[in-house]
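This report refers to the structure that appears directly beneath it.
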Amino acid sequence: MKKILWLVNIPLPEASILMGNVSIPFAGWLVNSSEELASIDGIQLSIAFPCKKIKGNKMLVGKKVKYFPFARKKAALTENLLQIIAKTSPDLVHIHGTEYPHTLAMVNLCQAQAIKTIISIQGLLSITAQHFYASLPANAIYGFTLRNIFNKDSIYLDRKSFEKGGILETSALRKVDNVIGRTTWDKVNTRQINPKITYYFCNEILRSSFYEQEWTLESCERNTIFLSQGRDSYKGLHYVIEAMPLILRQFPAAKVYVSGVDVTNADELKSFLLRTYYGKYIRKRIKKLGLQDHFVFTGVLNEKQMCVRYLQSHVFLCPSSIENSPNSLGEAMILGLPCVASYVGGVPDMLEHEKEGFLYQGDAPYMLAHYICELFANDEIALRFSAAARARANARHCKIENMKQLLRIYRSLFHS
């Protein structure tokens with residue numbers, strides 16, 4: 001029996017339920033992977049995660065996984081992780097994500113106890129910080145609202161926070177011998193941080209609902225665009241706003257659906273007090289360009305709601321200024337929803353231009369507009385991209401093959 005301890009950044013749904021909380025619709029790729037891994041004979045999986053409202057070290061017993069929530073307070077962090085290691089006696093610690101204090105703390109503890117360790121690269125904050133401003137004007141970067149003051153989360157301060165996390169990330173990566181990645185971008189940047197690191201390739205498993213459905217042109221709402229997120233500046237919502245007047249010249253009824261929190265909402269006192277300056281900037285730009293009837297903020301969607309929203313859209317758009325391998329793009333592709341994405345980070349490893357979708361220069365909203373219009377106007381191209389992207393994504397996100405590859409990586413570490 002091999003004992004594997006995962007360190008993740010948020011509670012998985014089963015753990016949330018065991019704590020009496022509502023599960024959050026994030027990090028879906030970890031859910032399927034953990035369920036598949038825990039079902040394998042000879043593997044005992046435990047998962048540790050930070051939790052705000054927790055005292056001491058509790059163990060939550062799920063159907064096949066044991067969960068260990070821990071307080072993230074710096075004073076007790078090392079001791080909490082040390083106790084989890086003592087309780088689980090792991091043969092291998094697999095850390096998902098690089099930038100949090102608990103990552104570096106766990107790396108240090110594993111190093112001191114000679115426990116084999118591997119880190120899965122999600123994004124890289126030290127690199128993302130360099131692209132955080134995403135061509136925004138100075139007033140948007142340095143502006144702030146009451147919420148920004150209290151939370152210290154203006155665009156400028158968020159970038160500083162990313163840079164701070166990047167220091168922890170770099171320290172952790174320089175101390176480990178092994179990482180798992182998925183793209184040329186994360187491989188290049190990881191090896192520039194630590195040239196001696198052993199890099200393993202392994203794609204991710206997506207959320208279950210996306211393997212079960214298929215997009216069709218007949219069932220979608222024509223001339224609609226779907227964005228999976230618009231809260232953070234580097235996700236590029238402002239680029240879409242600048243592109244919309246060009247799109248509306250050809251398709252006057254075009255509409256954009258944005259999932260997640262409505263950053264523009266300021267209609268009630270609470271939402272007014274909670275909005276960020278980026279949200280204020282977005283709201284002003286939408287109003288100035290007369291786009292109020294063309295943007296719909298859906299609110300936070302769970303897995304099944306997200307799947308429905310993809311299927312009802314005509315085009316999926318990923319306009320970020322930087323990404324590693326966005327799972328939202330993978331979900332769109334595996335459904336067969338035609339995609340347009342900025343040519344940044346690891347995106348070109350996921351989507352081939354003019355074969356599986358369209359890629360465009362990330363800071364060129366006029367090209368974004370052009371390619372959206374191409375898909376709206378040409379069903380033949382949309383259907384060709386749909387079939388090719390679906391085939392590519394089904395191979396890349398194959399549950400069986402990706403789990404086999406993860407097990408191969410684990411076995412190579414056990415025998416090293």
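Values as computed for the structure displayed
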read-out	value
Among residues of the stretch 110-160, those that are of a type in the set (S, T, N, Q) and either closer than 25 Å to Val347 by Cβ or not assigned by TED's automatic domain parsing to the domain that holds Thr88 (or both), counted	6
Test: residue in the stretch 246-269 that is in contact with a His (Cβ under 6 Å, 6 or more places away or on another chain), surrounded by fewer than 22 Cβ atoms within 10 Å (Cβ to Cβ) and touching a residue at least 24 places away in the same chain (Cβ under 8 Å)	yes
Pairs with Cβ under 6 Å, 6+ apart, first in the stretch 220-237 and among the β-branched types (Val, Ile, Thr), second modelled with pLDDT of 95 or more and not in a loop (DSSP other than H, G, I, E, B)	Thr224/Lys255; Ile225/Val256; Ile225/Val315; Ile225/Leu317
Among residues of the stretch 295-342, those that are acidic (Asp, Glu) and within 15 Å of Ala393 (Cα to Cα), counted	1
Extreme residue, farthest from Glu354 (Cα to Cα), among residues of the stretch 384-404 that are charged (D, E, K, R) and surrounded by 15 or more Cβ atoms within 10 Å (Cβ to Cβ)	Lys399
Selection status of Phe295, crowded, with 23+ Cβ neighbours inside 10 Å and aromatic (Phe, Trp, Tyr)	no
Residues of the stretch 282-311 satisfying the condition of being among the aliphatic types (A, V, I, L, M) and not in a helix (DSSP H, G or I)	Leu289, Leu291, Val296, Val300, Leu301
Wholly within the stretch 317-416, helices (runs of 4 or more DSSP H) carrying at least 1 residues that are closer than 30 Å to Asp177 by Cβ and at pLDDT 95 or above	327-335, 347-350, 379-396, 399-414
Failed criterion for Ser161 (all others in (1) over 26 Å from Thr198 (Cβ atoms); (2) surrounded by fewer than 21 Cβ atoms within 10 Å (Cβ to Cβ); (3) more than 18 Å from the chain's Cα centre (by Cα) hold)	(3)
Verdict on Val107 being part of a helix (DSSP H, G or I) and at pLDDT 95 or above	yes
So Tyr410, is it farther than 19 Å from Asp186 by Cα, surrounded by 14 or more Cβ atoms within 10 Å (Cβ to Cβ) and aromatic (Phe, Trp, Tyr)	yes
Selected residue (criterion: modelled with the highest pLDDT) from residues of the stretch 38-61 that are surrounded by fewer than 17 Cβ atoms within 10 Å (Cβ to Cβ), of a type outside the set (Val, Ile, Thr) and within 16 Å of Ile17 (Cα to Cα)	Met59
Cβ pairs under 9 Å, 6+ apart, first in the stretch 11-23 and not assigned by TED's automatic domain parsing to the domain that holds Glu303 and among the hydroxyl-bearing types (Ser, Thr, Tyr), second crowded, with 19+ Cβ neighbours inside 10 Å and assigned to a loop (DSSP other than H, G, I, E, B)	Ser23/Pro11; Ser23/Leu12
One residue from Glu14, Glu35, Glu99 being under 20 Å from Ile409 (Cβ atoms) and at pLDDT below 90	Glu35
Close pairs (8 angstrom Cβ cut-off, 6 or more residues apart or separate chains): touching a residue at least 24 places away in the same chain (Cβ under 8 Å) in the stretch 150-172, of a type in the set (A, V, I, L, M, F, W, C) and in a loop (DSSP other than H, G, I, E, B) anywhere	Ser154/Phe144; Ile155/Phe132; Ile155/Leu136; Asp158/Phe132; Arg159/Phe132; Phe162/Phe132; Gly166/Leu124; Glu169/Leu124
Inter-residue pairs, beta-carbon under 6 Å, first outside the structural domain of Asn80 (by TED's automatic domain parsing) and in the stretch 32-55, second among the acidic types (Asp, Glu) and crowded, with 19+ Cβ neighbours inside 10 Å, 6+ apart	none
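The values are calculated or read from the model by the stated rules, or taken from the named source; none is laboratory data. Here the structure is a predicted model, which means the values were calculated and not measured. Neighbour counts are summed over all protein chains in view; Cβ atoms, including those assigned to glycine, are modelled from backbone coordinates with ideal geometry.
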